[in-house]
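Single-structure report; data block below.
The values are calculated or read from the model by the stated rules, or taken from the named source; none is laboratory data. A quick note: this is a predicted structure, and the numbers were derived from the prediction, not measured. Quick reminder, even Gly has a Cβ in these numbers, built from the backbone with ideal geometry, and neighbours come from all protein chains shown. Note: areas computed on protein heavy atoms with side chains; ligands, DNA, RNA excluded. Shrake-Rupley method; radii C 1.70, N 1.55, O 1.52, S 1.80 Å.
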There are 2 protein chains.
Amino acid sequence: MHFADVLPLQSGASIRAYDLSYETYGTLNADRSNAVLICHALNASHHVAGVYLDAQGAVVPKSEGWWDTMIGHGKPVDTDVFFVIGVNNLGSCFGSTGPMQRNPDSGEIYGADFPVVTVQDWVQAQARLLDALGITTLAAVMGGSLGGMQALSWTLQYPERVRHAVVVASAPNLTAENIAFNEVARRAIVTDPDFHGGHYGRHGVLPQRGLRIARMIGHITYLSDDVMNEKFGRQLREVALGHASGYKFSTQDVEFQIESYLRYQGDKFSEYFDANTYLLITRALDYFDPAAEHGGKLTPALARARAKFLLVSFKTDWRFSPARSREIVKALLDNQRDVSYAEIDAPHGHDAFLLDDPRYLGVVRSYFESKVAPC
Amino acid sequence: MHFADVLPLQSGASIRAYDLSYETYGTLNADRSNAVLICHALNASHHVAGVYLDAQGAVVPKSEGWWDTMIGHGKPVDTDVFFVIGVNNLGSCFGSTGPMQRNPDSGEIYGADFPVVTVQDWVQAQARLLDALGITTLAAVMGGSLGGMQALSWTLQYPERVRHAVVVASAPNLTAENIAFNEVARRAIVTDPDFHGGHYGRHGVLPQRGLRIARMIGHITYLSDDVMNEKFGRQLREVALGHASGYKFSTQDVEFQIESYLRYQGDKFSEYFDANTYLLITRALDYFDPAAEHGGKLTPALARARAKFLLVSFKTDWRFSPARSREIVKALLDNQRDVSYAEIDAPHGHDAFLLDDPRYLGVVRSYFESKVAPC
């Protein structure tokens, strides 16, 4: 959807003439009361559920939406009941206007000149999309990780437009350690000689080295130590003959399975993700901090919220630990909000929010069936 | 000290005509029974205690040894009682033969051709140094982190030469997550265009970008989440005027104090540390695994040890967690070894082993006074 009006941004800058890619699933009911907005995290998109078909009508392999376990016919967020909207955020690289597109003012590819966007800005842009779709009130806004921050921000920016907020594996802001990991990833990208200050597009190159490192760092923080040990442990990729240890004794070749896995993830990511988008989205994570305007106190910061809440966290998530979700729960309870909270004992770390855990999916299903569903 | 004899290495390769830099503190007693060998971790050296003086006899600023809180006159490892030896390991970059030196066979700078060295190889080389110093039996061998692995390995390679082993903040092997962090750091170095396959010396450049990233990653894992939040939190380096948030809204500039700290640490490290050494030492960490030859079982692996042990771990150390030290304690107890174990509730993460915590230093002091001291 194209938006011709200027969107003022939190930074003081603004953006005009932009597009947002979105998908919808299910049918908006007559009183327009069954819409559920899904907000995405770092590297996801508007394609939250279902598969794509090719010209012959065959399913495109690996085209499942990123939250296809959660959303669809008969699933926890049932598209037979709800009208679900997935939207790609401004500054991302999956169809919505971002650094790879041309600046209408200069005719040049934005690159590093794309304005810094925040969680607050994304919510503004999403609200305009809902306006255009004729949706005044959301049955629910929902997201995991950075997506959960957007869901929380919706309840503060548009308290009257949100009946329920589902905030999964999220946090009220980043810790110093979270920011530190983001910063190392950004430095890897920015110091890649192919980055050219963010204008690699003009040089016909891509800072893929930096993106690979950024993604490898990210992947470590998405998994738990336990699940990494269970999946990979100290397993060698191939056992070198001739040494009792099975080691090849090389500093540059792959020895361990975990190395092979990380290199593969880094390579894959660097093929499809835009480096400037990576910088923008990690900065949006860094900047999110609704308590900042209230002297760091979350309770007054969340006083504006009117929605009912479901929060979900995962025991082995050390990126956004359960303690961070409990901070949000506590601040909402301080404000006498209606809050459900589930802490799932899943072994998968932060990644658990994307996985097929029956306890987790069961909690969300029962929340949507018993509380969100239109009567 | 120069060694002319060939040293066969675990990989099957060997090295000849090498030097080891070492320092000693205190006096070897008449029966040569008071020697304590200190083994270093990733980026440390033979300079474990004391300060250097310049030509005018003035103290060189910041020249304190890396374990100066632990070792010296009246300190936990008291140099009035013990003869302490610090040695720089083979492959390191502080004076001992390593990748920056010339291969005597080719006359070329080793660079990436320096042979892969392991904890076992370092212990072999250290044993030869002791032979040359006329020391048959160590009162104690001691180290933290990777240094603790060397101390443990001493008790297996030379059970009859070690009376006590002090193993601090260490582990019986690396987990998949530990290896993963090492691998990302190595990839950052190896994919730096200035790395030139490890032969940057021949090109007159240094892969400093990669080293910076490697060090930044390392630093995050050395600190605890708590201490990072306490020291830096979400504090901005400078508050930008004109925005209520105080943010500058930049993806490439420093916003948060933690970013500034990490960049500084990365810059400093890239000025003095050798990239090939970084690869070698992280690989030595990856490879260390005494249980591997015993089907992954640590108890039979440690059956050869004859020393008495002190193990120390730190509650907030998530790199080498207390659980990893307890694995060693359990395997030693299974073998009826004499083991003391202290778990220190310090907030500083892995770094705690280098810091001035009175409980930690007190434990080591009392162990040396009551158990290690010559009668």
Exercise. With A:44, A:140, A:127 as the choices, which residue is of a type in the set (Gly, Ala, Ser) and either closer than 30 Å to residue A:185 by Cα or open to solvent by 40 Å² or more (accessible area, probe 1.4 Å) (or both)?
Worked result: A:44
Seminar exercise, completed: For segment A:185-218 the number of residues that are within 10 Å of chain B (Cβ to nearest Cβ), surrounded by 20 or more Cβ atoms within 10 Å (Cβ to Cβ) and in contact with a Leu (Cβ under 7 Å, 6 or more places away or on another chain) is 3
For this session: List every residue pair whose Cβ atoms lie under 8 Å apart, where the two residues are 6 or more positions apart in sequence or sit on different chains, the first residue falls within segment B:313-336 and is under 13 Å from residue B:302 (Cβ atoms) and part of a loop (DSSP other than H, G, I, E, B), and the second residue, located anywhere, is modelled with pLDDT of 95 or more and polar (S, T, N, Q).
Result: B:335/B:299
Exercise. Quick one: residue A:74 ticks every box in (1) open to solvent by less than 50 Å² (accessible area, probe 1.4 Å); (2) touching a residue at least 12 places away in the same chain (Cβ under 8 Å) bar one, so which box is it?
Worked result: (2)
For this session: Return yes when residue B:148 is at pLDDT below 95 and either over 28 Å from residue B:351 (Cβ atoms) or buried (at least 23 other Cβ atoms within 10 Å of the Cβ) (or both) and no when it is not.
Result: no
Seminar exercise, completed: Checking B:122, B:66 in turn, the sole residue that is open to solvent by 30 Å² or more (accessible area, probe 1.4 Å), more than 14 Å from every other protein chain (Cβ to nearest Cβ) and hydrophobic (A, V, I, L, M, F, W, C) turns out to be B:66
Exercise. Which residue, of B:288, B:273, B:269, B:314, is in contact with a His (Cβ under 8 Å, 6 or more places away or on another chain) and at pLDDT 95 or above?
Worked result: B:314
Seminar exercise, completed: Taking segment A:304-329 and keeping only residues that are of a type outside the set (Phe, Trp, Tyr) and open to solvent by 40 Å² or more (accessible area, probe 1.4 Å), one is left with A:304, A:306, A:308, A:315, A:323, A:326, A:327
Exercise. Which of the residues that make up segment A:165-176 are open to solvent by less than 10 Å² (accessible area, probe 1.4 Å) and at the interface with another protein chain (Cβ under 7 Å from one of its Cβ atoms)?
Worked result: A:176
Exercise. Among the listed residues B:31, B:80, which satisfies the condition of being surrounded by fewer than 18 Cβ atoms within 10 Å (Cβ to Cβ), acidic (Asp, Glu) and touching a His at 6+ places or on another chain (Cβ under 7 Å)?
Worked result: B:80
Problem set entry | Among (1) in contact with a strand residue (DSSP E or B) (Cβ under 9 Å, 6 or more places away or on another chain); (2) among the β-branched types (Val, Ile, Thr); (3) crowded, with 19+ Cβ neighbours inside 10 Å - the single one residue B:109 does not satisfy | (3)
Exercise. Of the residues in segment A:263-285, how many are open to solvent by less than 20 Å² (accessible area, probe 1.4 Å) and either more than 7 Å from every other protein chain (Cβ to nearest Cβ) or over 20 Å from the mean Cα position of the chain (by Cα) (or both)?
Worked result: 13
Problem set entry | Odd one out for residue A:181 among (1) modelled with pLDDT of 95 or more; (2) more than 12 Å from chain B (Cβ to nearest Cβ) | (2)
Exercise. Using beta carbons and a limit of 9 Å, which pairs, at least six apart or on different chains, have the first residue in segment A:281-307 and without any contact (Cβ under 8 Å) to a residue 24 or more places away in the chain and over 16 Å from residue B:246 (Cα atoms) and the second one buried (at least 22 other Cβ atoms within 10 Å of the Cβ) and of a type in the set (A, V, I, L, M, F, W, C)?
Worked result: A:297/A:331; A:300/A:331
